[in-house]
Structures are given as C-alpha cells and as structure tokens.
Amino acid sequence: MTDHNPDQFSVFKPISRSLLRLIFGPVLALLYGCTGIQSTFSAFGVEAESTRSLTWVMTAAATVITIGVLWLAWYAARTPASQLDYKGGMRVIFWFGALGPTLLLSVLLVFSLSKMRTLPTGTDDLKIAVTGEQFWWRARYLPVGGQSVETANEIRIPVGRTVAFALTSPDVIHSFWIPGLAGKVDMIPGRTNDLVVRATQAGVYRGVCAEFCGLSHAHMAFDVVAMEPAAFEQWLTNMAHPATGGDSPGRKLFESYGCSGCHTIRGHIEGATIGPDLTHFGSRLSVGAGTLPMTLDAISRFIRNPASVKPGVMMPDFREISDKDVAVISNYLVELR
Amino acid sequence: MICKLHKLAQRLKSSLWMLVVPPTVWALHFLFSYVYTAVRCAKSGSVEAIVDIRTGITVATVVALLLVAASGYVAWTQSRIDGDLRPYQDSTDEDRLHFLAAATLLLAGLSFVAILFTAIPAFIFEDCI
Ligand SMILES: [Cu+2]
C-alpha cells in the first residue's frame, strides 16, 4: 500500500454525513418529545422526580459497565497468551467477574429500591377517588372534614401537599397516568389501587389512560392542574357549590332532550350518574376528556355527534337537534362555572 | 469439634445431590418470601404487616444462608482434596469430585448473594403498597 489517498476519504464523507443526518434527525425529533405537559422528564412531583433521577443514575451506571466490559474484551483480545498465570487469571475473574458486579448491583439495587418507596401518608391528607370509565374520568374529592365533591375529566391538586388517589374502574381495565407527576397505576374492576403523590410545581399538565380500553382509548385524557394551596381550597369550595343561574332556556332544553338522564348538574337536575357530572362544566379546560378545546363550537360539535370525535363513545348522538337548540344548550353549559 | 466437622465435610462426597442444594435453598427462600409477604399483606393492614414480614424474612434468610454456607464449606474442603492436576475433565473419580465441588462452590456463592438480594426489599419498604 502507498500513501494515503485523500479521495478515499472524500468518497465516504457524504455517505457518513447523510448517515449522521439519518440517525440524528429522528433522535432529535424524539428528544423533542421529552419535554412539555405530558413527560416524565418534565417532572412536577416528587415521584416523577425520583423516577427521573433513577433513570439518570441507571443510565450512567450502564454506560460505565458497558465501557468496562468493552475494555476487558479489548484487553483480553490484545494481551498475548500466557501473560497471566492460572492464579492471576482466576484473580481477574474473581474481582471483575464476581465481586465487582455483585457490589455494583448491590449499590444499584438499594438505591433503586429506596426510590420506589411510597410517600408516607397521614389521616389529614386529601383523598381523591378516581374511576376510569369508557372513555372518561370520574373524580370524587374527599377533603378531611369537608363534604365530598364530584367532578370529571380534570384533576386539580394542591402543590406541596400529599394527595392519595384511590383508583378503580366499573367496566374494563384502564390505567391512570400523569407522566410528570408519578408512574402509571392500573384501574381494575373490583379492586382499588392506591397512588400517593406530591406536586412540587404549580402549572397545567396532562394525564392519559395508559391501558387499551376500547375504541376511544387514545381520546381518554385529562387536564391536570397543580395549584397553590390557597387557590386550590378556593377552587374546591367553588366546586362544592351547586350550579348557579335560574330557569334558563338551556336548562329546559337539557331536560327535554333527555340529557338529564345521564348527566347531573347539581342544583339544577340531579340523580343521573351515567355520564360526567356537568355542575361546573364551564370551568374545565377541555371538552370530552381532553379531546376538544373549551369553545362553544366544540361543545356543539360534541353534543351533536360525539362519536365523530370519540369513536365508540357511550353518549348517543343528537344529529336531529336544531342549530338554535344546540347553541342554547352549549351556552347554558359553558356558563356553568 | 471444628476438627470433627471438617473431617465430616471431607467425608461427605460431593455429588449431584450436593450440587443442587444451594439453588434449591435459594428457590425455597424466594418462594417463602413472596408467598409469606402476599399472605401477610392480604390478611392485615398494609402498615401493620411489615413487622411480621420482616421477622419472617429475617428468620428464613438466616436459615437459608446457613444452609448455603454449609454446602459451600463442604464443597470448598472437597475441592482441596489432593488428586490429579488441573484441568479436571477426565472421567475419573477424582476429577469428577473436583469438578462437582467447584461447581457447588460457585453455585453457593451465587445463591448466597441472591438470597440477600431477595431479602433486602423487606427492609427498605415500610408498607404493602
Ligand atoms: Cu381507558
């Protein structure tokens, strides 16, 4: 072989560059998904924070071990035979093959187990019973010494306080997951699973159903609002109040179209529990379990044909409803705050 | 006393039966830990159960570790019995003994660590959740 031929390399350059682009493009695009309102990496609670630090420590340890193993392989391949006698070889195996890994695994095991401990709970913690239903969320707040409050499709929690969720389901298995707050917990019919969390940062986030539960599984999300304790108390007090407003035309239509057979609006029409409680519907951030924005148009669209938004939805369509009536009902609902 | 035990260990010829002792103890300890924890958690409150669970797992762990250590000790004495030179790969009684003793010793080491790893969670968690 003669000297280096520069052309040899220039042939490879464009290939490797496009290869790099091919690899880094998707990686960057994927990394972009690691932030935002629905990400374990943008943690706003102690549980998710410890999961995140666990991830980093495990990744670092795995990197060190990988490099160590590769180095050993390289060393073993390059070292001439009979460099080590039998005793020496056994000693290498003992330290690098048995004792080293055992100590490292012990440290990682104890570290990760300590990260998996549940937060301690007390009797004066706020409890929230959440049931996953096809394809929405029923939430009942059980404050200590206060009256229980039912709402739907939105979870609000006070920052800095321990909150205990009791999770179950009346129909199929769902899974309750607020990635920025804590790991997911299954909601299983006939069983109540506990999840203890503590938010550390106020803000608006998002949770999802993480277990396939039917056609609209992917449209089963919810808004999560972590609030300063004082603001939270105020919100909860407001939620406990029945709906205001007197005999509006919307309220009559709501009854005459039979909506009240499934939806409760406390103070107006009570008793139905099949669909989400709409008492303070207008104060929610989205419509239809995190699928549409809270606008009059979106509400009308949902009422007229919910299945066009959420396939397999458990609410019948009202395609025959007139434009005027649906607008009146939507106005009535959005005023419920 | 110790001398007698040592003599006894030398006489207990390593066999395939000896070889399966450490992993079997590990398996039984594993099974006990999981079943006992599940039963205690189901029968009493999630926090009250932990004292029982810790006691039960401590006893089981001590017993299991003693058994594994004993079989490791027997294997170790036998791996030091004089005989042919390495490697132990011929179909002679001595080579077979050395091979089984070495394998038993390694399995005892592995089982010892595994039993400890199975027990550790009981001392880190404080409830059944
Ligand atoms: Cu679901």
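Screening the range A:209-314 for helices (runs of 4 or more DSSP H) wholly inside it with 3 or more residues that are in contact (Cβ under 8 Å) with a residue 40 or more places away in the chain and in contact with a Gly (Cβ under 9 Å, 6 or more places away or on another chain) returns the ranges A:229-240. Anything in the range A:127-143 that is touching a helix residue (DSSP H, G or I) at 6+ places or on another chain (Cβ under 9 Å) and part of a strand (DSSP E or B)? List them, or say none. Across the range A:127-143, the qualifying residue is only A:Tyr141.
Being within 27 Å of A:Ile37 (Cα to Cα) and at pLDDT below 95 is a condition met by no residue of the range A:315-322. Going by the structure shown, is A:Trp95 at pLDDT 95 or above and of a type outside the set (S, T, N, Q)? The answer is no for A:Trp95.
Per-residue answers, yes or no, for (1) open to solvent by less than 90 Å² (accessible area, probe 1.4 Å); (2) under 18 Å from A:Asp194 (Cα atoms); (3) in contact with a helix residue (DSSP H, G or I) (Cβ under 7 Å, 6 or more places away or on another chain):
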site: A:Val57; (1), (2), (3): yes, no, yes
site: A:Asp85; (1), (2), (3): no, no, no
site: A:Ser112; (1), (2), (3): yes, no, yes
site: A:Thr151; (1), (2), (3): yes, no, yes
site: A:Thr162; (1), (2), (3): yes, yes, no
site: A:Phe165; (1), (2), (3): yes, yes, no
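You will find that of A:Val326, A:Val334, the residue that is under 30 Å from A:Gln38 (Cα atoms) and open to solvent by less than 40 Å² (accessible area, probe 1.4 Å) is A:Val334 and no other. Scanning the range A:226-235 for residues that are surrounded by fewer than 19 Cβ atoms within 10 Å (Cβ to Cβ) and either hydrophobic (A, V, I, L, M, F, W, C) or near the ligand (Cβ under 8 Å from one of its atoms) (or both) yields A:Ala230, A:Ala231, A:Trp235. Selection within the range A:179-201: residues that are in a loop (DSSP other than H, G, I, E, B) and within 14 Å of the ligand (Cβ to nearest atom). The member of this set that is least open to solvent (accessible area, probe 1.4 Å) is A:Ile188. Put simply, of A:Ser148, A:Ser169, A:Ser216 the only residue that is outside the structural domain of A:Pro306 (by TED's automatic domain parsing), more than 16 Å from the ligand (Cβ to nearest atom) and not charged (D, E, K, R) is A:Ser148. None of A:Ala164, A:Ala202 is within 14 Å of another protein chain (Cβ to nearest Cβ) and not aromatic (Phe, Trp, Tyr) except A:Ala164.
Evaluating A:Val208 against the criteria (1) more than 16 Å from the ligand (Cβ to nearest atom); (2) away from chain B (no Cβ under 14 Å); (3) under 14 Å from the mean Cα position of the chain (by Cα); (4) of a type in the set (A, V, I, L, M) leaves one unmet condition, (1). For B:Gly56, indicate whether it is of a type in the set (Gly, Ala, Ser), at negative phi, in contact with a Pro (Cβ under 8 Å, 6 or more places away or on another chain) and open to solvent by less than 20 Å² (accessible area, probe 1.4 Å). Judged against the criteria, B:Gly56 is not a match.
Selection over the range A:299-323 of residues that are closer than 14 Å to A:Leu253 by Cα and open to solvent by less than 60 Å² (accessible area, probe 1.4 Å) gives a count of 5.
So is A:Lys252 more than 14 Å from chain B (Cβ to nearest Cβ), within 16 Å of the ligand (Cβ to nearest atom) and open to solvent by 70 Å² or more (accessible area, probe 1.4 Å) or not? For A:Lys252, the condition - more than 14 Å from chain B (Cβ to nearest Cβ), within 16 Å of the ligand (Cβ to nearest atom) and open to solvent by 70 Å² or more (accessible area, probe 1.4 Å) - is not met.
Return the residue satisfying two criteria in turn: it lies in the range A:117-141 and is free of Cβ contacts under 8 Å to residues at least 24 places away in the same chain and open to solvent by 60 Å² or more (accessible area, probe 1.4 Å), and of such residues it is nearest to the ligand (Cβ to nearest atom). Here the answer is A:Arg140. Restricting the first member to the range A:169-198 and to residues that are within 12 Å of another protein chain (Cβ to nearest Cβ) and at pLDDT 95 or above, and the second to residues that are within 11 Å of the ligand (Cβ to nearest atom) and open to solvent by 10 Å² or more (accessible area, probe 1.4 Å), the beta-carbon pairs closer than 8 Å and six or more apart or on different chains are A:Val185/A:Trp177. If the condition is being without any contact (Cβ under 8 Å) to a residue 24 or more places away in the chain and within 17 Å of A:Gly183 (Cα to Cα), then the range A:46-69 contributes A:Arg52, A:Thr55, A:Trp56.
Could you tell me whether the range A:108-129 includes any residue that is more than 13 Å from chain B (Cβ to nearest Cβ) and under 17 Å from the mean Cα position of the chain (by Cα)? Yes, the range A:108-129 contains at least one residue that is more than 13 Å from chain B (Cβ to nearest Cβ) and under 17 Å from the mean Cα position of the chain (by Cα). The set of residues from the range B:20-39 being within 25 Å of A:Leu119 (Cβ to Cβ) and without any contact (Cβ under 8 Å) to a residue 60 or more places away in the chain comprises B:Tyr34, B:Ala38. Please go through the range B:66-108 and give me each residue that is touching a residue at least 24 places away in the same chain (Cβ under 8 Å) and either surrounded by fewer than 18 Cβ atoms within 10 Å (Cβ to Cβ) or in a loop (DSSP other than H, G, I, E, B) (or both), ordered by number. Hits for the range B:66-108 are B:Ala69, B:Tyr73, B:Trp76, B:Ile81, B:Ala102, B:Ala103.
The values are calculated or read from the model by the stated rules, or taken from the named source; none is laboratory data. All of these numbers come straight from a predicted model, not from anything done at the bench. Every residue, glycine as well, gets a Cβ built from its backbone with ideal geometry; the counts of neighbours run over all protein chains shown. Please note that ligands, DNA and RNA were not included when accessible areas were found on the heavy atoms of the full protein model with its side chains. Shrake-Rupley method; radii C 1.70, N 1.55, O 1.52, S 1.80 Å.
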